[in-house]
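Peer 1: Can you read through this structure? Questions will come right after.
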Amino acid sequence: METVEFMGKTFSVDEDGFIDEFDNYCPEWEQWVKTVEGIEEINDEHRKLVVVLRDYYEKNGIAPMVRILSKSTGFKLKHIYELFPSGPGKGACKMAGLPKPTGCV
Amino acid sequence: MIDSKERASKLSYLPPKTDWMDTPTVYKEGMYCYAAKPSRLEYMDAPYPKDWSCMDEDWQLPENWKEIILEGMKERLEKYRTFKIFMDICVRCGACADKCHFFIGTGDPKNMPVLRAELLRSVYRNNFTKAGKILGRIGGARELTIDVLKEWWYYFFQCTECRRCSVFCPYGIDTAEITIIGRELLNLLGLNIDWIAAPVAFCFRTGNHMGIQPHAFVDMLDFFTDEIENVTGVRMEQTFNKKGADLLFICPSGDVFGDPGTFTCMGYMILMHYLREVHGLDCTWSTYASEGGNFGLFTSHETMKRLNAKMYAEAERLKVKWILGAECGHMWRVINQYMVTMNGPADFLEEPVNPLTGTKFENAKATKMVHITEFLSDLIQHKKLDLDPSRNDRLKVTFHDSCNPARGAGILEEPRHVIKNVCNHFYEMPRNCIREQTFCCGCGSGLNAGEDMELRMTGGMPRGNAVRYVNELHGVNTLACICAIDRAVLPTLMGYWAPEVDVCGISELVANALIIPGEKEKTENLRGEPILRKDVEPDEWYTRPDFPGREE
């Protein structure tokens with residue numbers, strides 16, 4: 001596993017840049033993902049997505065499906081892509097400190 | 001990534017100047033998947049978990065790795081007669097050479113099925129045949145070295161085990177089985193890919209590839225229940241883990257989680273509600289056996305057996321009559337070709353008979369598991385479903401025979417019979433790329449990851465172009481399939497090779513055409529797209545700019 005040093009913190013990340021542990025997420029991690037994902041500024045809508053994702057993951061041990069994410073935030077998929085150019089799975093989940101989904105998806 | 005036109009124009013089938021044994025394997029970016037994380041292997045008690053990358057010089061192999069592989073080969077040559085025969089009988093006629101989608105898409109000779117097999121066969125000759133021991137390289141034999149091992153890893157994870165090549169082999173060599181053994185040998189050294197190892201570990205732990213726990217599984221289906229109510233006006237509650245239900249229903253978890261499979265999942269739910277309300281047939285879901293797929297097939301026979309067992313354990317626990325299996329791909333190869341000798345016979349279940357029509361599913365006598373399109377086809381034949389195919393009139397549909405149901409289980413007619421009864425516009429792709437000759441999506445057998453996109457787009461080229469052909473010829477806008485990996489990967493492949501085409505499962509088409517007791521007047525299908533307006537001719541509407549999906 002590779003490590004990333006940023007704002008005085010050290011993170012272990014996988015090949016796609018996802019954090020190794022859900023619990024290692026912190027505000028500095030968000031800032032790091034902001035820079036690698038090419039996001040200009042983290043606004044309230046980014047934060048809302050992160051909160052919803054982390055909350056769902058804590059309850060269910062899995063990221064919400066895109067349609068649930070869309071419904072519970074009120075953001076259309078297109079808008080989520082505007083917020084996170086690499087999409088809900090690769091962008092938003094990464095910022096929220098969730099692992100990548102696997103299987104037939 | 002280069003665009004599809006450029007990719008097609010750059011294709012070359014000129015072999016390298018050097019002999020294949022002297023041509024070194026160069027790992028190319030986008031053509032391989034990431035290595036399995038140690039935690040996945042540890043969970044399965046699989047050997048030699050390690051934090052590694054295939055690009056590392058040192059693969060952290062145990063000192064006696066060669067012994068392990070050769071001993072593993074010996075064991076398997078004794079255990080699997082097919083493996084022994086397939087190692088011995090190839091005459092290198094070349095009939096399979098240009099049948100592989102990966103060869104067609106890459107032009108790399110080591111993607112010819114004959115040569116892929118030769119990678120392993122050369123070591124077999126060297127260590128297990130007299131001629132090979134005496135003649136050496138002249139006899140097509142070579143030493144097992146670290147470079148050979150790395151070559152195996154690269155090319156055995158560039159085969160989707162789709163078995164198209166085996167259709168053309170005059171000897172009936174099943175090259176997929178050679179890949180299967182090749183991967184099994186690599187797994188003896190902990191050399192899997194993460195996209196396979198993770199679903200395996202999840203499935204063993206929670207019952208499905210995604211790692212969906214029981215409460216989350218119910219939560220997801222509840223979400224669909226709300227969505228279905230919005231579209232149809234009918235609330236269709238499902239039952240879970242219900243003891244004494246008539247049938248246990250098992251679907252791939254990809255349909256529960258990922259679009260557009262989720263619409264197929266809603267299709268299953270509508271169908272189950274319909275069967276309960278109209279015919280009194282009780283189908284239940286399981287939150288324990290919540291996966292049809294079996295990534296064990298891509299790992300080792302042992303892993304496959306361990307993962308397959310749960311379906312039958314759950315069917316026995318719930319005391320159902322038999323199992324109804326959904327639109328899953330490789331599940332059907334495992335069920336049809338391995339289950340009976342692996343975990344069977346499942347004598348505690350009944351020989352499947354359709355309770356509504358009396359039809360005996362003779363082919364499922366031993367496995368006790370019926371494919372949903374066989375079941376649907378039978379219901380339609382006996383007029384047990386009230387259907388209005390005109391609701392799908394905006395769709396011009398073609399059917400992608402998903403490799404494993406087609407070649408692994410012989411499901412060829414039933415899907416077509418169902419589609420033709422729920423859609424008015426059905427067009428076949430050219431005959432040399434459908435039915436048992438179907439072209440793979442290029443992403444099966446666990447290669448549906450994100451990092452190997454080059455491999456996926458090259459391997460999917462034949463399928464993509466066949467779809468594009470019917471798109472240009474007939475205006476086909478919908479590609480139906482019966483596999484969750486297909487539904488996950490074909491949208492990306494279509495985006496690349498045939499951008500006007502959407503992907504769906506058959507159950508979604510059925511559910512959209514089904515007239516449900518108490519439903520409101522339907523104006524939209526499950527995707528929220530408007531149903532064709534009755535006053536417009538399909539062909540005319542298809543050309544109009546306000547046709548759904550046209551803008552953007």
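The values are calculated or read from the model by the stated rules, or taken from the named source; none is laboratory data. Values in this document were obtained by computation on a predicted structure and should not be read as measured data. Neighbour counts are summed over all protein chains in view; Cβ atoms, including those assigned to glycine, are modelled from backbone coordinates with ideal geometry.
Peer 1: B:THR287 is checked against (1) touching a strand residue (DSSP E or B) at 6+ places or on another chain (Cβ under 8 Å); (2) within 14 Å of chain A (Cβ to nearest Cβ); (3) farther than 23 Å from B:ILE515 by Cα; (4) surrounded by 23 or more Cβ atoms within 10 Å (Cβ to Cβ) and fails just one. What number does that condition carry?
Peer 2: (4)
Peer 1: Pick from the range A:64-98 the residues that are at the interface with chain B (Cβ under 9 Å from one of its Cβ atoms) and in a loop (DSSP other than H, G, I, E, B): which of them is nearest to the chain's Cα centre (by Cα)?
Peer 2: So, considering only residues that are at the interface with chain B (Cβ under 9 Å from one of its Cβ atoms) and in a loop (DSSP other than H, G, I, E, B), the one nearest to the chain's Cα centre (by Cα) is A:PRO64.
Peer 1: While we're here: Taking the range B:467-522 as the search range and keeping residues that are within 14 Å of another protein chain (Cβ to nearest Cβ) and surrounded by fewer than 21 Cβ atoms within 10 Å (Cβ to Cβ), which one is nearest to B:GLY450 (Cα to Cα)?
Peer 2: Checked the range B:467-522; the qualifying residue nearest to B:GLY450 (Cα to Cα) is B:THR492.
Peer 1: Against the conditions (1) touching a residue at least 40 places away in the same chain (Cβ under 8 Å); (2) in contact with an Asp or Glu (Cβ under 7 Å, 6 or more places away or on another chain), where does A:VAL66 fall short? Just the number, please.
Peer 2: Condition (1) is where A:VAL66 drops out.
Peer 1: Which number in (1) part of a loop (DSSP other than H, G, I, E, B); (2) surrounded by fewer than 24 Cβ atoms within 10 Å (Cβ to Cβ) marks the one condition that B:GLU327 misses?
Peer 2: Of (1) part of a loop (DSSP other than H, G, I, E, B); (2) surrounded by fewer than 24 Cβ atoms within 10 Å (Cβ to Cβ), only one is false for B:GLU327: (2).
Peer 1: Then there is this: Being closer than 22 Å to B:PRO352 by Cα, away from every other protein chain (no Cβ under 14 Å), assigned to a helix (DSSP H, G or I) and within 23 Å of the chain's Cα centre (by Cα) is true for just one of B:LEU248, B:LEU275, B:LEU271. Which residue is that? Show your work before the answer.
Peer 2: Working: B:LEU248 fails: assigned to a helix (DSSP H, G or I); B:LEU275 fails: within 23 Å of the chain's Cα centre (by Cα).
The unique qualifying residue is B:LEU271.
Table: residues versus (1) within 24 Å of the chain's Cα centre (by Cα); (2) outside any loop (DSSP other than H, G, I, E, B); (3) at pLDDT 95 or above.
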| site | (1), (2), (3) |
| --- | --- |
| B:PHE217 | yes, yes, yes |
| B:ASP226 | no, yes, yes |
| B:MET236 | no, no, yes |
| B:PHE263 | yes, yes, yes |
| B:LEU281 | no, no, yes |
| B:GLY296 | yes, yes, yes |
| B:ASN308 | yes, yes, yes |
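Peer 1: Can you name the residue in the range B:251-261 that is over 15 Å from the mean Cα position of the chain (by Cα) and part of a helix (DSSP H, G or I) and is also farthest from the other protein chains (Cβ to nearest Cβ) among such residues?
Peer 2: Taking the candidates together, the pick is B:VAL256.
Peer 1: Examine the range B:384-398 for a residue that is closer than 30 Å to B:GLN158 by Cα and in a helix (DSSP H, G or I), and state whether such a residue exists.
Peer 2: Checking the range B:384-398: not a single residue is closer than 30 Å to B:GLN158 by Cα and in a helix (DSSP H, G or I).
Residue by residue, here is whether (1) surrounded by fewer than 19 Cβ atoms within 10 Å (Cβ to Cβ); (2) touching a strand residue (DSSP E or B) at 6+ places or on another chain (Cβ under 7 Å); (3) under 30 Å from B:PRO355 (Cα atoms) holds:
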| position | (1), (2), (3) |
| --- | --- |
| B:ILE196 | no, no, no |
| B:ALA201 | no, no, no |
| B:HIS209 | no, no, no |
| B:HIS215 | yes, no, no |
| B:PHE224 | no, no, yes |
| B:ILE228 | no, no, yes |
| B:PHE240 | yes, yes, yes |
| B:ALA245 | no, yes, yes |
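Peer 1: Of the numbered conditions (1) in a helix (DSSP H, G or I); (2) in contact with an Asp or Glu (Cβ under 9 Å, 6 or more places away or on another chain), B:VAL148 fails exactly one; give the number of that condition.
Peer 2: Answer for B:VAL148: the failing condition is (2).
Peer 1: Can you confirm whether the range B:133-142 contains a residue that is of a type in the set (D, E, K, R), in contact with a helix residue (DSSP H, G or I) (Cβ under 9 Å, 6 or more places away or on another chain), over 28 Å from B:ASP51 (Cα atoms) and in contact (Cβ under 8 Å) with a residue 24 or more places away in the chain? Quick ask: steps written out before the conclusion?
Peer 2: Of all residues in the range B:133-142, those of a type in the set (D, E, K, R) come to B:133, B:137, B:142.
From the residues that got through so far, the ones that are in contact with a helix residue (DSSP H, G or I) (Cβ under 9 Å, 6 or more places away or on another chain) too are B:133, B:137, B:142.
Next, from what is left, pick out any that are over 28 Å from B:ASP51 (Cα atoms): B:133, B:137, B:142.
If we keep only those that are in contact (Cβ under 8 Å) with a residue 24 or more places away in the chain as well, we get B:137, B:142.
Within the range B:133-142, one or more residues are of a type in the set (D, E, K, R), in contact with a helix residue (DSSP H, G or I) (Cβ under 9 Å, 6 or more places away or on another chain), over 28 Å from B:ASP51 (Cα atoms) and in contact (Cβ under 8 Å) with a residue 24 or more places away in the chain.
Peer 1: Look at B:ILE178 and say whether it is crowded, with 20+ Cβ neighbours inside 10 Å and not assigned by TED's automatic domain parsing to the domain that holds B:ASP452. Break it down into steps so the answer makes sense when it comes.
Peer 2: Working: crowded, with 20+ Cβ neighbours inside 10 Å: yes; not assigned by TED's automatic domain parsing to the domain that holds B:ASP452: yes.
Yes: the conditions hold for B:ILE178.
Peer 1: Are any residues in the range B:203-228 among the hydroxyl-bearing types (Ser, Thr, Tyr) and more than 9 Å from chain A (Cβ to nearest Cβ), and if so, which ones? First the steps, then the outcome.
Peer 2: Step one: list which residues in the range B:203-228 are among the hydroxyl-bearing types (Ser, Thr, Tyr), which gives B:206, B:225.
Answer for the range B:203-228, where residues must be among the hydroxyl-bearing types (Ser, Thr, Tyr) and more than 9 Å from chain A (Cβ to nearest Cβ): just B:THR225.
Peer 1: Does B:THR160 meet the test of being in contact (Cβ under 8 Å) with a residue 24 or more places away in the chain, part of a helix (DSSP H, G or I) and buried (at least 23 other Cβ atoms within 10 Å of the Cβ)? It would help to see each step written out before you state the result.
Peer 2: Details: in contact (Cβ under 8 Å) with a residue 24 or more places away in the chain: yes; part of a helix (DSSP H, G or I): no; buried (at least 23 other Cβ atoms within 10 Å of the Cβ): yes.
No, not satisfied.
Peer 1: Right, another one. Touching an Asp or Glu at 6+ places or on another chain (Cβ under 9 Å), of a type in the set (Lys, Arg) and not in a loop (DSSP other than H, G, I, E, B) - does that describe any residue in the range B:13-32?
Peer 2: No - not one qualifying residue is present in the range B:13-32.
Peer 1: Of (1) among the β-branched types (Val, Ile, Thr); (2) over 30 Å from B:PRO530 (Cβ atoms); (3) away from chain A (no Cβ under 14 Å), B:VAL234 satisfies all except one. Which?
Peer 2: Going through the list (1) among the β-branched types (Val, Ile, Thr); (2) over 30 Å from B:PRO530 (Cβ atoms); (3) away from chain A (no Cβ under 14 Å), B:VAL234 breaks only (2).
Peer 1: OK, next. Confirm whether B:ARG163 is within 14 Å of chain A (Cβ to nearest Cβ) and of a type in the set (Lys, Arg). Can you show your working first?
Peer 2: Values: within 14 Å of chain A (Cβ to nearest Cβ): no; of a type in the set (Lys, Arg): yes.
Spelling it out, it is not the case that B:ARG163 is within 14 Å of chain A (Cβ to nearest Cβ) and of a type in the set (Lys, Arg).
Peer 1: Still on this model: Would you mention how many residues in the range A:8-51 are within 14 Å of chain B (Cβ to nearest Cβ) and of a type in the set (Val, Ile, Thr)?
Peer 2: First, pick out the residues of the range A:8-51 that are within 14 Å of chain B (Cβ to nearest Cβ): A:12-22.
Now restrict to residues that are of a type in the set (Val, Ile, Thr): A:13, A:19.
Matching residues across the range A:8-51 total 2.
Peer 1: Now for a separate question. State whether one or more residues within the range B:424-447 are assigned by TED's automatic domain parsing to the domain that holds B:ASN477, crowded, with 21+ Cβ neighbours inside 10 Å, among the acidic types (Asp, Glu) and more than 15 Å from the chain's Cα centre (by Cα).
Peer 2: So far as the range B:424-447 goes, no, none of its residues is assigned by TED's automatic domain parsing to the domain that holds B:ASN477, crowded, with 21+ Cβ neighbours inside 10 Å, among the acidic types (Asp, Glu) and more than 15 Å from the chain's Cα centre (by Cα).
Peer 1: Now for a different question. Which one of these is small (Gly, Ala, Ser), at pLDDT below 95, crowded, with 20+ Cβ neighbours inside 10 Å and within 21 Å of B:GLY293 (Cα to Cα): B:GLY344, B:GLY408?
Peer 2: Details: B:GLY344 fails: crowded, with 20+ Cβ neighbours inside 10 Å.
The unique qualifying residue is B:GLY408.
Peer 1: Further, regarding this structure: Taking the stated definitions as given, is B:ALA216 in contact with a helix residue (DSSP H, G or I) (Cβ under 7 Å, 6 or more places away or on another chain), assigned by TED's automatic domain parsing to the domain that holds B:PRO260 and among the small types (Gly, Ala, Ser)?
Peer 2: Values: in contact with a helix residue (DSSP H, G or I) (Cβ under 7 Å, 6 or more places away or on another chain): yes; assigned by TED's automatic domain parsing to the domain that holds B:PRO260: yes; among the small types (Gly, Ala, Ser): yes.
It is true that B:ALA216 is in contact with a helix residue (DSSP H, G or I) (Cβ under 7 Å, 6 or more places away or on another chain), assigned by TED's automatic domain parsing to the domain that holds B:PRO260 and among the small types (Gly, Ala, Ser).
Peer 1: Restricting to the range B:43-74, name every residue that is in a helix (DSSP H, G or I), surrounded by 12 or more Cβ atoms within 10 Å (Cβ to Cβ) and more than 14 Å from every other protein chain (Cβ to nearest Cβ).
Peer 2: B:TRP65, B:LYS66, B:ILE68, B:ILE69, B:LEU70, B:GLU71, B:GLY72, B:MET73, B:LYS74
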